[in-house]
Amino acid sequence: MMLPCPTEIRTERLILRRWREEDRPAFAKLNADPHVMRFFPDVRSREESDRSAQWLDDRFDIDGFGPWAVEVPGVADFIGFVGAWRLDYSMPFTSDVEIGWRLDQPYWGKGYAVEAAKAALADVFWRTEIPEIVAFTATQNEPSRRVMDKLGMVYDPAADFMHPRVAEGHPLRLHVLYRLPRQAFLAAQS
């Protein structure tokens, strides 16, 4: 069972909303920034970024939930994305729903990723029967790992894995896996 997806979610400081065409230049700038993309194998070209934006927005229609464009009212119309989606490729673990985020550098360290991710998780867990959501990143990505910890996700060291989409020998290939069972999240919210 899945309830209908809202058109937006509001938190104390943020608006999580569907993607707009006018988000694409800011998203491309974010994806071309070597510091923002330091835990990814490469920065992205404008064309790659536009394809990624389309794929991310399509998740709402395909999965019934997705990675929201994040807005800070009165400050910025687009600071990046936060949300959950179904993986569309095989991974060495059984959960198939991932939560992720990518925010532009001026908006780091303000708690926006955690605030938006908690709202996105609440939306998915309340509207669906998904039993678990995972997050994963390169082992070196301490900022994202701190977000995962703050979300109540639990690191599963036995599930560390070599990411199948990162080239053999690449320093970012080894990834860590964090898990968040539905019941644990809902219990923490009540």
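Binning all Cα-Cα separations of the range 8-189 at 5 Å, short to long from zero, yields these whole-percent fractions: 1, 8, 17, 21, 23, 18, 9, 3, 0. Taking GluC sites (Glu not before Pro) across the range 1-92, the ones in a DSSP loop with at most 10 further Cβ atoms lying within 10 angstrom of their Cβ are Glu12. Within the same chain, lysines fewer than 8 places from Lys29 are excluded, and of the rest, those with a Cα less than 24 Å from its Cα are Lys110.
How large is the charge dipole for the chain, taken about the Cα centre, if only the Cβ atoms of Lys, Arg (+1) and Asp, Glu (-1) carry charge, to the nearest 20 debye? Spell out each step's value before the answer.
Working: 24 positive and 29 negative charges, 84 e Å.
In total the dipole reaches around 400 debye.
Where the centroid of each part is defined by its Cα atoms, how far is the range 1-46 from the range 61-96 in Å? Centre-to-centre distance over Cα atoms comes out at 7 Å.
With a cut-off of 13 Å between beta carbons, the residues surrounding Arg127 carry a summed charge of -2, where Lys and Arg count +1 and Asp and Glu -1. Net charge in the neighbourhood of Pro6 (other residues with Cβ under 11 Å of its Cβ; Lys, Arg +1, Asp, Glu -1) is +2.
When you filter the GluC sites (Glu not before Pro) in the range 87-190 for DSSP loop state and at most 16 other Cβ atoms inside 10 Å of their Cβ, you are left with Glu129, Glu168.
With a cut-off of 8 Å between alpha carbons and a minimum separation of six or more residues, what is the relative contact order of the range 8-189 in percent?
On the way: 297 pairs, mean separation 33.3, N = 182.
That works out to 18 percent.
Just so you know, all these numbers are worked out from the coordinates, no wet-lab data involved. Remember, it's a predicted structure, so these values are computed and weren't measured experimentally. For neighbour counting, all protein chains shown are included, and Cβ atoms are generated from backbone atoms with ideal geometry for every residue, glycine included.
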